[in-house]
Amino acid sequence: MQPIISISGVSKTYASGFNALKDINLDIRRGEIFALLGPNGAGKTTLISIVCGIVNRSGGTITVDGHDIGRDYRAARALIGLVPQELTVEAFETVRATLSYSRGLFGKPANPDLVDRILKDLSLWDKRDAKVMTLSGGMKRRVMIGKALAHEPKILFLDEPTAGVDVELRQDMWAMVRRLSESGVTIILTTHYIEEAEEMADRVGVINHGEIILVEDKSELMRKLGRKQLKLELRQKLSAIPAALADYRLELSGDGEALTYTYDNQSDRPGVASLLRDLEIAEIQFRDLDTQNSSLEEIFVNLVRQA
C-alpha cells in the first residue's frame with residue numbers, strides 16, 4: 001500500500017548554518033499511529049513543521065497522499081490537522097466560533113453538528129459559548145485539538161499535545177485518538193510521555209541530532225531491544241555469587257537476599273532454564289521469582305546514548 005506521507009532526502013539548514021535535519025527518509029503508513037521520539041532539539045518539531053508547510057525545507061521531497069507539498073500545497077495541507085506545542089488561539093472568539101472559523105479556512109461548508117460533536121468529545125460542550133481568553137491552559141489545549149479536527153483531516157499531527165495538561169484531558173484525548181485511528185485517520189505524535197507512545201503507537205521512530213536513527217514496529221522494537229530481568233528472592237542469604245555462576249553475570253542485592261539476572265532475546269548468554277538448573281546444582285534455593293520487561297523509555301534512552 002502506498003504510504004500516506006513519503007519523506008525523501010529532506011534536510012533543513014538555517015541561515016545561521018545550523019543543520020537541523022540531515023537526509024531524512026521516512027514513510028508513514030496509511031491509518032497507523034506513528035510516534036516520533038527524540039530529545040529536545042532533535043528535530044521533531046522542525047520535521048513536522050516542514051510537512052505542514054510552516055517551515056521551508058532546504059532539500060528533499062515530501063508527498064502527502066500523492067500531493068507534492070511544494071507544487072500542490074493547498075491539496076496537501078487540506079489533508080492535515082496540526083496541534084502544535086504552542087497555545088495559539090483567538091482570545092476574543094467563543095470556543096464554538098473558533099472551531100467553525102477554522103473549518104471555514106479550509107473551504108469546508110458549515111457543519112454545526114460536526115462542531116458540536118467535537119466539542120462534546122473534547123469535554124468542551126459546557127464552554128462552547130465562553131470566550132477563549134477565559135479558559136484555563138488545559139481547556140485552551142482542547143480548543144486547539146478541536147481546531148485541528150474541524151476540517152476532518154485524514155492526517156493528524158500531535159506535537160507534544162499533552163505537555164503540561166491535566167490527566168483528565170490526557171485520557172479524553174487518547175480516547176479520541178483511538179477513535180480517529182479506528183475511523184482511518186493517520187496519527188503522527190511526538191510526546192515526552194513515552195508511556196503514552198508505548199500504549200498508543202503502532203510504530204516508533206527515533207530522531208536525534210537531526211537524523212532518523214531507527215524506525216520499527218513497536219512490538220518488534222521491544223522484542224529486539226527490550227531487556228528482561230529475572231529477580232530471585234533467596235531462602236538463605238548469600239555472601240557472594242559462586243564462581244560456577246559467573247557466566248550469568250548475576251547481581252547480588254546488598255542484603256544478600258536476592259539475585260537479579262538480566263538478559264535479552266538477542267543475547268547468546270545462557271537462558272533462564274539453564275540458570276535455574278545451575279542454581280539447583282549449586283544448592284541455592286529461592287522462595288519467589290519475578291520477571292520484568294524493559295519499557296519503551298529504557299529502550300529510547302539507550303538508543304539515544306548509543307547514537
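Remarks
- Matching residues, the stretch 43-58, being closer than 15 Å to residue 209 by Cα and part of a loop (DSSP other than H, G, I, E, B): 43
- Residue under evaluation residue 181, criteria (1) modelled with pLDDT under 85; (2) surrounded by 14 or more Cβ atoms within 10 Å (Cβ to Cβ), criterion not met: (1)
- Restricting attention to the stretch 1-42, the residues being assigned to a strand (DSSP E or B) and not hydroxyl-bearing (Ser, Thr, Tyr) number 20.
- Checked against the criteria, residue 160 counts as under 21 Å from residue 34 (Cα atoms) and in the same structural domain as residue 102 (by TED's automatic domain parsing).
- Qualifying residue in the stretch 52-72 (condition: surrounded by 15 or more Cβ atoms within 10 Å (Cβ to Cβ), at pLDDT below 95, under 19 Å from the mean Cα position of the chain (by Cα) and not hydroxyl-bearing (Ser, Thr, Tyr)): yes
- Some residue of the stretch 81-89 being farther than 20 Å from residue 187 by Cα and at pLDDT 95 or above: no
- Here residue 139 passes the criteria (1) buried (at least 18 other Cβ atoms within 10 Å of the Cβ); (2) out of contact with any strand residue (DSSP E or B) (no Cβ under 6 Å at 6 or more places or on another chain); (3) at positive phi except the one numbered (3).
- If you filter the stretch 83-115 down to residues that are within 23 Å of residue 45 (Cα to Cα) and in contact with a strand residue (DSSP E or B) (Cβ under 8 Å, 6 or more places away or on another chain), you find that the one that is surrounded by the most Cβ atoms within 10 Å (Cβ to Cβ) is 83.
- Hits in the stretch 13-40 (condition: more than 27 Å from residue 185 (Cα to Cα) and touching a helix residue (DSSP H, G or I) at 6+ places or on another chain (Cβ under 6 Å)): 20
- Residue match in the stretch 25-39 (condition: closer than 18 Å to residue 155 by Cβ, without any contact (Cβ under 8 Å) to a residue 24 or more places away in the chain and among the hydrophobic types (A, V, I, L, M, F, W, C)): no
- Residue 122 being of a type in the set (A, V, I, L, M), more than 19 Å from the chain's Cα centre (by Cα) and over 26 Å from residue 50 (Cα atoms): yes
- The one condition from (1) touching a residue at least 24 places away in the same chain (Cβ under 8 Å); (2) under 25 Å from residue 147 (Cβ atoms); (3) surrounded by 20 or more Cβ atoms within 10 Å (Cβ to Cβ) that residue 42 does not meet is (2).
- Positions within the stretch 69-110 being hydrophobic (A, V, I, L, M, F, W, C) and part of a loop (DSSP other than H, G, I, E, B), in sequence order: 69, 79, 87, 89, 91, 92, 106, 110
- Any hit, the stretch 15-32, residues being charged (D, E, K, R), crowded, with 21+ Cβ neighbours inside 10 Å and within 13 Å of residue 210 (Cα to Cα): no
- Any chance residue 188 is buried (at least 19 other Cβ atoms within 10 Å of the Cβ), within 11 Å of the chain's Cα centre (by Cα) and at pLDDT 75 or above: yes
- Within the stretch 111-160, tally of residues that are more than 21 Å from residue 196 (Cβ to Cβ), among the charged types (D, E, K, R) and not in a helix (DSSP H, G or I): 5
The values are calculated or read from the model by the stated rules, or taken from the named source; none is laboratory data. The shown structure was predicted, so the numbers you read here are calculated from the model rather than taken from an experiment. Positions of Cβ are generated from backbone atoms using ideal geometry, with glycine treated the same way; all protein chains shown enter the neighbour counts.
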